[in-house]
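The values are calculated or read from the model by the stated rules, or taken from the named source; none is laboratory data. Treat the numbers as computed from the prediction; the structure is a model and nothing was measured. Because the Cβ atoms are built from the backbone with ideal geometry, glycine has one as well, and the counts that use them run over all protein chains shown.
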Amino acid sequence: MTVQQLQSGLSMARFMTQKGFILVDVRSPEEHLAGSIPGTDRNIDFREIQSRHREIGAKLEDHIVVYCQSGRRSNIAAETLADLGYRHVYNVEGSMNAWIEAGFPVVHSQQ
């Protein structure tokens, strides 16, 4: 999935009651607090995705979109989720780097 496809899906979600997918940031909590994609539903470090995947709140047939900073960690997380039986898992190509490069907005969280 490209950042343009993700942005389009998030834009369409503003007009719907549900966006149709769960967006998961698999970077560290510190990275997440520094800035994330608007509409992110969960932040679970990719190293903990196997033990914490139930926190995503997804059924096996739900659509899950994962991202990190460059796409490497989210690719690992996507493979892990697929191995756990999730059928529709998508890695955002280029992840945050591509999102920022495309000029899309970033949300800065506070703890």
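In segment 41-58, is there at least one residue being at pLDDT below 95, outside any helix (DSSP H, G or I) and closer than 18 Å to V106 by Cβ?
First, the residues of segment 41-58 that are at pLDDT below 95: 41, 57-58.
Restricting the remaining residues to those that are outside any helix (DSSP H, G or I) gives 41, 57-58.
Of the ones still in play, those that are also closer than 18 Å to V106 by Cβ are 41.
Scanning segment 41-58, I find at least one residue that is at pLDDT below 95, outside any helix (DSSP H, G or I) and closer than 18 Å to V106 by Cβ, so the answer is yes.
With the structure loaded, tell me whether E79 is in a helix (DSSP H, G or I), without any contact (Cβ under 8 Å) to a residue 40 or more places away in the chain and not aliphatic (A, V, I, L, M) or whether it fails that test.
Numbers: in a helix (DSSP H, G or I): yes; without any contact (Cβ under 8 Å) to a residue 40 or more places away in the chain: yes; not aliphatic (A, V, I, L, M): yes.
Criteria met by E79.
Filter segment 18-46 for residues that are in contact (Cβ under 8 Å) with a residue 60 or more places away in the chain, of a type in the set (V, I, T) and buried (at least 19 other Cβ atoms within 10 Å of the Cβ) and give the result.
Within segment 18-46, I37 is the sole residue that qualifies.
For the structure I just gave you, tell me whether R14 is at pLDDT 95 or above and over 11 Å from the mean Cα position of the chain (by Cα). Reasoning before the result, please.
Values: at pLDDT 95 or above: no; over 11 Å from the mean Cα position of the chain (by Cα): yes.
No.
Would you mind stating whether R47 is of a type outside the set (A, V, I, L, M) and under 16 Å from E31 (Cβ atoms)? So that I can check it myself, show each step before the final result.
Values: of a type outside the set (A, V, I, L, M): yes; under 16 Å from E31 (Cβ atoms): yes.
Yes.
Being surrounded by 14 or more Cβ atoms within 10 Å (Cβ to Cβ) and more than 22 Å from G9 (Cβ to Cβ) is the filter here, so list the residues in segment 49-88 that pass it.
I76, T80
Can you confirm whether F104 is surrounded by fewer than 19 Cβ atoms within 10 Å (Cβ to Cβ) and modelled with pLDDT under 95? Show your work before the answer.
Values: surrounded by fewer than 19 Cβ atoms within 10 Å (Cβ to Cβ): yes; modelled with pLDDT under 95: yes.
Answer is yes for this residue.
Which of the residues that make up segment 87-111 are among the small types (G, A, S) and either under 9 Å from V3 (Cβ atoms) or in contact (Cβ under 8 Å) with a residue 24 or more places away in the chain (or both)?
Within segment 87-111, G94, S95, A98, A102, S109 qualify.
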